[in-house]
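A short worksheet on the structure shown next.
The values are calculated or read from the model by the stated rules, or taken from the named source; none is laboratory data. In this text the structure is predicted, and so the values were computed from the model without any measurement. Neighbour counts are summed over all protein chains in view; Cβ atoms, including those assigned to glycine, are modelled from backbone coordinates with ideal geometry.
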Amino acid sequence: MHAGLDASPWVRRWAALLPADASVLDLACGSGRHLRWFAQRGHRVTGVDRDAQAVEPLRALGEIVVADIENGPWPLAGRRFDAVVVTNYLWRPLLPAIVDSVAEGGVLIYETFAAGNETVGKPSRADFLLQPGELLRAAQGLRVIAYEDGFLAEPDRYLQRIAAVREAAASPGVAPRYPL
């Protein structure tokens, strides 16, 4: 669906929070637009998707996990990543596992459809649309660096997106810096 598309501007913007050679989990990666983008920048990538055919061309980029994360067990239990990236995907029962997959000092970059999208196109089912503040609630325990919930034109869509970090222990007298 997203083959040949550039990485989301939201993902590109907040990728600056990652250290060089970071481990990146791209969840529901599909054809791999974000997986490719991070791999091209030297990051170690892991992609998860249920469509084995879609992810087959991505195997040379890094670790590819074919799993039905909605109907099967979480395939990455106990693993954490420097970045967890999720775009255009929502399965609410996984939100705790997604947040838990962010390593200390790591970042969650999440962007998907929100309530209101049913008035302009698909997805239109409430099951696939975030409610106001839902990502903020899901990311409790992380430090929110940026959050947006609103309408974006061309193409018309309602989105909710967040960039949040799991803060590492700071040195005394040194405040962490998260570039905006």
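General observations
- Residue satisfying all of: in the stretch 126-180; farther than 19 Å from Arg92 by Cα and hydroxyl-bearing (Ser, Thr, Tyr); modelled with the highest pLDDT among these: Tyr178
- Strands (runs of 3 or more DSSP E) wholly inside the stretch 84-180 containing at least 3 residues that are surrounded by 12 or more Cβ atoms within 10 Å (Cβ to Cβ) and more than 13 Å from the chain's Cα centre (by Cα): 143-152, 157-165
- Residues within the stretch 35-83 that are farther than 15 Å from Ala22 by Cβ, more than 15 Å from the chain's Cα centre (by Cα) and among the charged types (D, E, K, R), tallied: 6
- In the stretch 153-176, the residues that are more than 23 Å from Leu108 (Cα to Cα) reach residues that are modelled with pLDDT of 90 or more and assigned to a loop (DSSP other than H, G, I, E, B) with C-beta atoms within less than 8 angstrom, at least six apart or across chains, in these pairs: Pro155/Gly121; Asp156/Val120; Asp156/Gly121.
- Any chance Ala115 is touching a helix residue (DSSP H, G or I) at 6+ places or on another chain (Cβ under 8 Å), farther than 17 Å from Ala7 by Cβ and without any contact (Cβ under 8 Å) to a residue 60 or more places away in the chain: yes
- Among the residues of the stretch 70-83, the one identified as among the hydrophobic types (A, V, I, L, M, F, W, C), outside any strand (DSSP E or B) and in contact with a Ser or Thr (Cβ under 7 Å, 6 or more places away or on another chain) is Leu76.
- Breaking point among (1) closer than 28 Å to Ala115 by Cα; (2) out of contact with any helix residue (DSSP H, G or I) (no Cβ under 9 Å at 6 or more places or on another chain), for Pro19: (1)
- Residue count, the stretch 103-156 (criterion: within 30 Å of Ala20 (Cα to Cα) and of a type in the set (Phe, Trp, Tyr)): 3
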